[in-house]
Amino acid sequence: CGVLNGFELCPAGFPAATSGYPAAPAPPAAIASQPAYTSTYTIVQPSVVVVGGCPACRVGVLEDDFTCLGILCAIFFFPLGILFCLALRQRRCPNCGATFG
């Protein structure tokens with residue numbers, strides 16, 4: 001290594017890694033170590049409630065079906081029978097086939 005303009009040159013032609021800065025101070029000694037905690041984590045997934053979703057399979061969407069009795073009431077007791085037809089409908093899941101009130 002040689003000296004050129006105040007810099008020390010190594011055989012590759014690059015300046016040596018010498019600087020005028022002081023050495024870094026030593027890190028402070030640890031006062032107390034932290035105790036090792038062993039804990040388990042419980043992940044709680046939020047339950048997503050689909051409006052009109054099937055409570056049995058939680059996949060299908062409930063569809064309204066009119067019962068035979070409701071349709072017969074609508075035909076034979078025409079003006080008032082339409083209310084009975086609407087009151088006697090059932091909700092059915094196309095996925096699992098479950099029927100609800």
Open item on the list: With the requirement that a residue be in contact (Cβ under 8 Å) with a residue 24 or more places away in the chain and of a type in the set (S, T, N, Q), what does segment 46-75 give you?
Closed with: none
Open item on the list: Just to be sure I understand, how many residues within segment 23-75 are at pLDDT 85 or above, under 40 Å from the mean Cα position of the chain (by Cα) and not in a loop (DSSP other than H, G, I, E, B)?
Closed with: 5
Task: Count of residues meeting criterion [in contact (Cβ under 8 Å) with a residue 12 or more places away in the chain and in a loop (DSSP other than H, G, I, E, B)] in segment 76-97 - done: 5
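The values are calculated or read from the model by the stated rules, or taken from the named source; none is laboratory data. Since this is a predicted model, take the numbers as computed values, not measurements. In this analysis, Cβ positions are derived from the backbone assuming ideal geometry, glycine residues included, and neighbour counts consider all displayed protein chains.
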